[in-house]
Amino acid sequence: MTRLTPSTAYLNQLDAETARRMQTARTPESPFAGAPAALAAAVEARVDALAGDLNDVVHTLHKDPETAYEEHRSAAFLAGLLQRHGISAELGAHGLPTALRAEAGTGTGPVIAILSEYDALPEVGHACGHNVIAATGAGAFIALAKTLEENPDAFPGRVVFLGTPAEEGHSGKEVLARNGAFDGVDAAIMVHPYAMDLAEQVWLGRRLLTVTFSGMAAHASAQPFMGRNALDAASLAYTGVGLLRQQLPPSDRVHAIITEGGQRPSVIPETAVLKLYARSKYPETLKDLSGRLEDIAAGAALMTGTTVEISWDEHPPSLPVRTNPALTGRWVAAQQRRGRSPLPAGVVSETIAASTDFGNVSYRIPGIHPLIGIAPADVALHTRAFAEAAGSPAAEAGALDGAAGLALTALDYLCDPELRAAVAQEFTDAGGPVDVPAYFD
Ligand SMILES: [Zn+2]
Ligand SMILES: [Zn+2]
């Protein structure tokens, strides 16, 4: 069999464009003071003292990948780590057995959440590096909690640690949100590993659509005229999606597969099922795209005399990520302390975009989801090469720098009222909170 080698012509162009833009890119600057310098240095030192623990998280989870909603050992390992640092965490928080919640600080005042993912992918394990995310969130939270334990007046407000299950293929954060995980929380931050340091990147919203066509079975040779062919309907819908693509905005994506199309060639297929992902850069355009796909499904049913059932969002939808610029500025400032220079938006083409359930958080409260480099620049997420990187010394460095970045960003947020005011104002200017569960109704 011939081994397929897709052309890298376009990818090479994207890489060349990125390299060109990197030469003139200006790392975003923060006009805010953030936390007092001595306090920031003390918190950063606490993170650095956790390096051994964070390496344990990186490697223990890496060697034992668990997929969405099955992350029992990973969640328990993180709970155990917090426990060893004298912090009790609630395992099974907000109705999800593999979710975690812990809090530090008391009283009223600002509240910031630090998020850790820890689910892996089937077959390729930690090819998205969520073992590193687990370490960054836990490390940041422990450092802040221990600072408060030593001096409860070190900084105002509270820090919430959330272990968030099932990002891959699901939308665990939406389930957590609906169960109140972000109630009373003012901002949420996390970091994701990547092939380079990016202050922000486009993340598309994503919905799942299942289209079931029902026809009438008949003998495909003796009485085909008595049948209504559900596979024909699925085939026309698949073709319709293909034709629609030319007219889609460049920020939209549709992927479709046919999961059921009959059982035997001698029977006109009675049932056919098409599964689609619809993605778009904005909630509004994702809603538009959803309507177009419904029309295609209805049209295919009409053409074939079949009936159609349209079922959206077997798992809750993901919204795009709305990035908060003021928080991004503090993340960048913290990364510069670590010798990293996160690239601004637009340096890496937004063509290279996936989705994350953090989007749903970012449309409820201000948030950031920057990327931290742990792999060579040409290694893509969800590949075996990235899984390898997620267990490498670069992953250890990313976990530590990521933890420091999250701890310092959270600290800045809690200590600097001008920063908090800007964060809130930017969120309002971007449209304010969205009623996510009702958005597509
Ligand atoms: Zn992923
Ligand atoms: Zn991921």
Report summary line: Counting only residues in the range 305-322 that are touching a strand residue (DSSP E or B) at 6+ places or on another chain (Cβ under 6 Å) and under 22 Å from residue 114 (Cβ atoms), the one surrounded by the most Cβ atoms within 10 Å (Cβ to Cβ) is identified as 319
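Among the candidates 352, 310, single out the residue that is more than 18 Å from the chain's Cα centre (by Cα) and among the hydrophobic types (A, V, I, L, M, F, W, C). Don't jump to the end; show me each part of the working.
On the way: 352 fails: more than 18 Å from the chain's Cα centre (by Cα).
That would be 310, the only listed residue that is more than 18 Å from the chain's Cα centre (by Cα) and among the hydrophobic types (A, V, I, L, M, F, W, C).
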Query raised in the report: In the range 213-235, how many are within 30 Å of residue 283 (Cβ to Cβ) and out of contact with any Leu (no Cβ under 8 Å at 6 or more places or on another chain)?
Result: 1
Report summary line: Taking the range 71-94 and the residues there that are outside any helix (DSSP H, G or I) and touching a residue at least 24 places away in the same chain (Cβ under 8 Å), the one that is nearest to residue 53 (Cα to Cα) would be 85
Requested in this report: Kindly indicate whether any position in the range 95-106 is assigned by TED's automatic domain parsing to the domain that holds residue 182 and assigned to a helix (DSSP H, G or I).
Outcome: yes
**Report entry** Filter result for residue 258 (assigned by TED's automatic domain parsing to the domain that holds residue 231, farther than 24 Å from residue 248 by Cα, surrounded by 15 or more Cβ atoms within 10 Å (Cβ to Cβ) and among the hydrophobic types (A, V, I, L, M, F, W, C))
**Finding:** no
Query raised in the report: Any idea how many residues of the range 142-191 are within 16 Å of ligand 1 (Cβ to nearest atom) and not acidic (Asp, Glu)?
Result: 10
Report summary line: Screening 438, 421, 397 for residues that are within 23 Å of residue 137 (Cα to Cα), more than 20 Å from the chain's Cα centre (by Cα) and without any contact (Cβ under 8 Å) to a residue 24 or more places away in the chain leaves only 397
Report summary line: Within the range 105-133, restricting to residues that are closer than 16 Å to residue 358 by Cα and of a type outside the set (A, V, I, L, M), the one that is farthest from ligand 1 (Cβ to nearest atom) is 116
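To keep it simple, each residue is scored yes or no on (1) outside the structural domain of residue 422 (by TED's automatic domain parsing); (2) of a type outside the set (S, T, N, Q); (3) more than 16 Å from ligand 1 (Cβ to nearest atom); (4) in contact with a His (Cβ under 8 Å, 6 or more places away or on another chain).
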{"position": "333", "(1), (2), (3), (4)": "no, yes, yes, no"}
{"position": "336", "(1), (2), (3), (4)": "no, no, yes, no"}
{"position": "349", "(1), (2), (3), (4)": "no, no, yes, no"}
{"position": "368", "(1), (2), (3), (4)": "no, yes, yes, no"}
{"position": "372", "(1), (2), (3), (4)": "no, yes, no, yes"}
{"position": "386", "(1), (2), (3), (4)": "no, yes, no, no"}
{"position": "399", "(1), (2), (3), (4)": "no, yes, yes, no"}
Report summary line: Of those in the range 128-157 that are among the small types (Gly, Ala, Ser) and crowded, with 24+ Cβ neighbours inside 10 Å, the residue farthest from ligand 2 (Cβ to nearest atom) is 143
Query raised in the report: So how many residues does the range 158-184 have that are more than 16 Å from ligand 2 (Cβ to nearest atom) and surrounded by fewer than 20 Cβ atoms within 10 Å (Cβ to Cβ)?
Result: 5
Query raised in the report: Pairs under 7 Å by beta carbon, first residue among the acidic types (Asp, Glu) in the range 112-128, partner away from ligand 1 (no atom under 12 Å from the Cβ), six or more apart or different chains?
Result: 117/134; 117/164; 119/66; 119/71; 119/165
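The values are calculated or read from the model by the stated rules, or taken from the named source; none is laboratory data. Quantities reported herein were computed from a predicted structural model and do not represent experimental measurements. Here Cβ is always computed from backbone atoms with ideal geometry, including for glycine, and neighbour counts include all displayed protein chains.
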